[in-house]
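The values are calculated or read from the model by the stated rules, or taken from the named source; none is laboratory data. Given the structure is predicted, the values throughout are model-derived calculations rather than measurements. Using ideal geometry, Cβ is built from the backbone for each residue, glycine included, and neighbour counts are taken over all protein chains shown. Each accessible area value is taken on the protein alone, full model and side chains, heavy atoms only, with ligands, DNA and RNA left out. Shrake-Rupley method; radii C 1.70, N 1.55, O 1.52, S 1.80 Å.
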Amino acid sequence: MSWLSNFVRPKIRALVDRRNVPENLWDKCPSCEQMIFHRDLEAQLNVCPHCEHHLPIGPETRFAALFDDSKWSEIELPKVPADPLRFRDTKRYAERLKDTQARVGRSDAAIVVHGRMGGRQAVVCAFDFSFMGGSMGLAVGEALVAAARLAVLQSAPLIVIPSSGGARMQEGILSLMQMARTTVAVSEVREAGLPYIVMLTNPTTGGVTASFAMLGDITLAEPGALIGFAGPRVIENTIRQSLPEGFQKSEYLYDHGMVDAVVHRRDMRATLIRVVGLLMDRHPTAEIVGLTEKSVEIPKAKTPAKAPAPAGSDADGGDDSDD
Ligand SMILES: [Zn+2]
């Protein structure tokens with residue numbers, strides 16, 4: 001057997017150059033378990049064509065679907081200390097961070113971009129769940145502050161798309177402090193009188209839910225997304241009761257008033273444009289004609305008041321006597 005696996009298999013591998021053979025032409029839907037051709041999945045923005053299950057999607061693919069002509073520019077974020085606590089679990093945090101940066105190809109979990117959406121300037125801060133579970137540490141806090149300030153500078157709405165497991169435990173108290181920091185950041189947008197819209201995606205949990213993600217003027221959510229503070233398993237173990245069907249899912253939160261709308265991924269751009277338009281255009285949609293005495297003749301009060309008065313008093317009198 002060892003001869004087969006150590007000698008024959010590498011030889012065959014070398015013969016068939018793996019780079020030329022894409023490994024996953026087909027993806028399996030985790031919900032309905034049907035096979036989906038990768039091109040179909042891409043065309044549908046990673047939504048299963050059979051059961052409408054929303055699969056994870058990268059921030060760039062999302063931006064391409066949201067911005068006008070798929071054009072946006074990313075802003076450079078301030079550098080933060082890489083491993084302030086010199087934390088170590090099974091691996092040193094600094095090392096884990098470096099590995100993830102190399103694998104995912106970005107410096108941290110949050111990205112801030114700006115561009116036009118429906119002809120209007122918009123600032124978007126999106127999370128990449130593949131970067132350490134989209135966890136919020138110093139860098140993510142910095143990204144949100146930068147996004148909020150950019151929105152104020154451009155007089156543009158701020159749209160945040162979280163996808164996060166919560167605070168980054170490797171940064172301890174510093175990660176928890178980002179909850180307060182991001183809350184202050186988004187309140188700057190509100191003070192400037194600009195819309196702050198949150199688009200919740202699967203999953204949004206922990207410290208992210210407990211801070212900026214629940215503070216939107218309008219909160220949208222993708223269908224079937226898990227949104228909550230503690231996960232359902234933790235709650236079930238704590239209260240020792242089974243949870244209702246669909247607990248902590250977008251639709252459940254919509255029914256209980258935590259989310260304003262559950263929006264399909266393909267309708268997200270149109271919905272955002274409409275919502276931002278409604279919040280930003282403060283002037284009325286139609287021209288208002290001023291009412292002046294000259295333009296409209298106001299009937300004098302005497303003539304219409306006379307006719308109904310006797311009928312009304314008669315009816316009242318009759319009712320009273322019957323009672
Ligand atoms: Zn499916």
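Which condition number does residue 76 fail, the rest of (1) over 23 Å from residue 150 (Cβ atoms); (2) in a loop (DSSP other than H, G, I, E, B); (3) without any contact (Cβ under 8 Å) to a residue 12 or more places away in the chain being met?
Residue 76 satisfies all of (1) over 23 Å from residue 150 (Cβ atoms); (2) in a loop (DSSP other than H, G, I, E, B); (3) without any contact (Cβ under 8 Å) to a residue 12 or more places away in the chain except (1).
Which members of region 68-115 meet the condition of being of a type in the set (Ser, Thr, Tyr), surrounded by 11 or more Cβ atoms within 10 Å (Cβ to Cβ) and over 16 Å from residue 130 (Cα atoms)?
70, 93
Where residues in region 217-231 are closer than 25 Å to residue 189 by Cα and out of contact with any Gly (no Cβ under 7 Å at 6 or more places or on another chain), which of them is most open to solvent (accessible area, probe 1.4 Å)?
Of everything passing the filter in region 217-231, 217 is most open to solvent (accessible area, probe 1.4 Å).
Rundown of residues vs (1) surrounded by fewer than 16 Cβ atoms within 10 Å (Cβ to Cβ); (2) touching a His at 6+ places or on another chain (Cβ under 8 Å); (3) part of a helix (DSSP H, G or I); (4) basic (Lys, Arg), yes/no style:
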site: 178; (1), (2), (3), (4): no, no, yes, no
site: 187; (1), (2), (3), (4): yes, no, yes, no
site: 233; (1), (2), (3), (4): yes, no, yes, yes
site: 236; (1), (2), (3), (4): yes, no, yes, no
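What are the residues in region 238-273 that are open to solvent by 100 Å² or more (accessible area, probe 1.4 Å), of a type in the set (D, E, K, R) and without any contact (Cβ under 8 Å) to a residue 24 or more places away in the chain, if any?
240, 245, 255, listed by residue number.
For region 232-240, check the following and say yes or no: at least one residue is within 30 Å of residue 176 (Cβ to Cβ), of a type in the set (Asp, Glu), at pLDDT below 95 and over 13 Å from the mean Cα position of the chain (by Cα).
Scanning region 232-240, I find at least one residue that is within 30 Å of residue 176 (Cβ to Cβ), of a type in the set (Asp, Glu), at pLDDT below 95 and over 13 Å from the mean Cα position of the chain (by Cα), so the answer is yes.
Quick one: count up the residues across region 134-176 that are of a type outside the set (A, V, I, L, M, F, W, C), surrounded by 20 or more Cβ atoms within 10 Å (Cβ to Cβ) and either touching a strand residue (DSSP E or B) at 6+ places or on another chain (Cβ under 8 Å) or free of Cβ contacts under 8 Å to residues at least 60 places away in the same chain (or both).
Total satisfying the criteria: 12.
Being open to solvent by 40 Å² or more (accessible area, probe 1.4 Å), more than 17 Å from residue 268 (Cα to Cα) and polar (S, T, N, Q) is the requirement here; does residue 34 meet it?
yes
Considering each residue of region 46-75, count those that are under 21 Å from residue 161 (Cβ atoms) and within 14 Å of the ligand (Cβ to nearest atom), and give that number.
Qualifying residue count, region 46-75: 8.
Of the numbered conditions (1) away from the ligand (no atom under 16 Å from the Cβ); (2) not in a loop (DSSP other than H, G, I, E, B), residue 40 fails exactly one; give the number of that condition.
Residue 40 satisfies all of (1) away from the ligand (no atom under 16 Å from the Cβ); (2) not in a loop (DSSP other than H, G, I, E, B) except (1).
Would you check which residues across region 6-65 are at pLDDT below 90 and touching a Ser or Thr at 6+ places or on another chain (Cβ under 6 Å) and list them?
Matches in region 6-65: none.
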